[in-house]
Amino acid sequence: METPFTQAAQDAVTVAKDGSAVIVDVRRDYEWTAGHTKGAIHWELARLEKGELPDIPKDAKVFVHCMAGGRAAQAKEILEANGWTSVVNMGGLSDWQSAGGEVE
C-alpha cells in the first residue's frame with residue numbers, strides 16, 4: 001500500500017544497505033524494544049525537544065522515523081534547525097517494513 005512516505009522508505013532501505021546514510025528512530029523506549037529498524041540509532045523525540053542532539057555529522061544523509069510519521073516530522077524540523085542539511089522523514093516503521101527493510 002502506497003503512503004506519502006513510500007519513496008522515502010525505499011530510499012532509506014537502499015542507502016541503509018550501503019551505509020551511506022543514518023537511520024534515526026525517534027520512538028519511545030518501549031516502542032524501540034518491541035522491534036526497530038535494523039541498524040538504526042535510537043534517539044527519542046523527547047531528547048531532541050530537550051536540546052539533546054545525536055553525534056551525527058551535520059552533512060550526513062539522515063532518515064528519521066517513528067510509528068506513523070508525525071514525530072519524525074517534528075524531529076526533522078529540530079535537526080534542520082540545528083544545522084543538519086539532509087534530513088528525510090521516512091514515515092513509520094511499517095513504511096520501512098513495506099519497503100523491504102529489516103526489523104530487529
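Only residues that are under 12 Å from the mean Cα position of the chain (by Cα) and either over 11 Å from residue 5 (Cα atoms) or aliphatic (A, V, I, L, M) (or both): list them for the stretch 87-101, please.
87, 88, 90, 93
Could you check how many residues of the stretch 19-34 are at pLDDT below 95 and assigned to a loop (DSSP other than H, G, I, E, B)?
Matching residues across the stretch 19-34 total 2.
Would it be correct to say that residue 61 is more than 12 Å from the chain's Cα centre (by Cα), free of Cβ contacts under 8 Å to residues at least 60 places away in the same chain and surrounded by fewer than 19 Cβ atoms within 10 Å (Cβ to Cβ)? Break it down stepwise before answering.
Details: more than 12 Å from the chain's Cα centre (by Cα): no; free of Cβ contacts under 8 Å to residues at least 60 places away in the same chain: yes; surrounded by fewer than 19 Cβ atoms within 10 Å (Cβ to Cβ): yes.
No; evaluated as a whole, the condition is false for this residue.
Do we have residue 88 as buried (at least 19 other Cβ atoms within 10 Å of the Cβ), touching a residue at least 60 places away in the same chain (Cβ under 8 Å) and not in a helix (DSSP H, G or I) here? First the steps, then the outcome.
Numbers: buried (at least 19 other Cβ atoms within 10 Å of the Cβ): yes; touching a residue at least 60 places away in the same chain (Cβ under 8 Å): yes; not in a helix (DSSP H, G or I): yes.
In short, yes.
Where the second residue is outside any helix (DSSP H, G or I) and among the aromatic types (Phe, Trp, Tyr) and the first is touching a residue at least 12 places away in the same chain (Cβ under 8 Å) and closer than 13 Å to residue 68 by Cβ and lies in the stretch 1-21, which pairs have Cβ atoms under 9 Å and are six or more apart or on separate chains?
Within 9 Å, the pairs are 9/63.
Filter the stretch 41-74 for residues that are within 14 Å of residue 5 (Cβ to Cβ) and in contact with a helix residue (DSSP H, G or I) (Cβ under 7 Å, 6 or more places away or on another chain) and give the result.
Listed by number, the residues that qualify are 63, 64, 65, 66, 67, 71.
Of everything in the stretch 39-68, what is touching a Gly at 6+ places or on another chain (Cβ under 7 Å) and either modelled with pLDDT under 95 or in a loop (DSSP other than H, G, I, E, B) (or both)? Give them in sequence order.
Matches in the stretch 39-68: 58, 67, 68.
If the requirement is being β-branched (Val, Ile, Thr), exposed (fewer than 13 other Cβ atoms within 10 Å of the Cβ) and over 13 Å from the mean Cα position of the chain (by Cα), which of these qualifies: 3, 14, 33?
33
The values are calculated or read from the model by the stated rules, or taken from the named source; none is laboratory data. Nothing here was measured: the structure is a model prediction, and the numbers come from that model. Neighbour counts run over all protein chains shown; Cβ positions are idealised from the backbone, glycine included.
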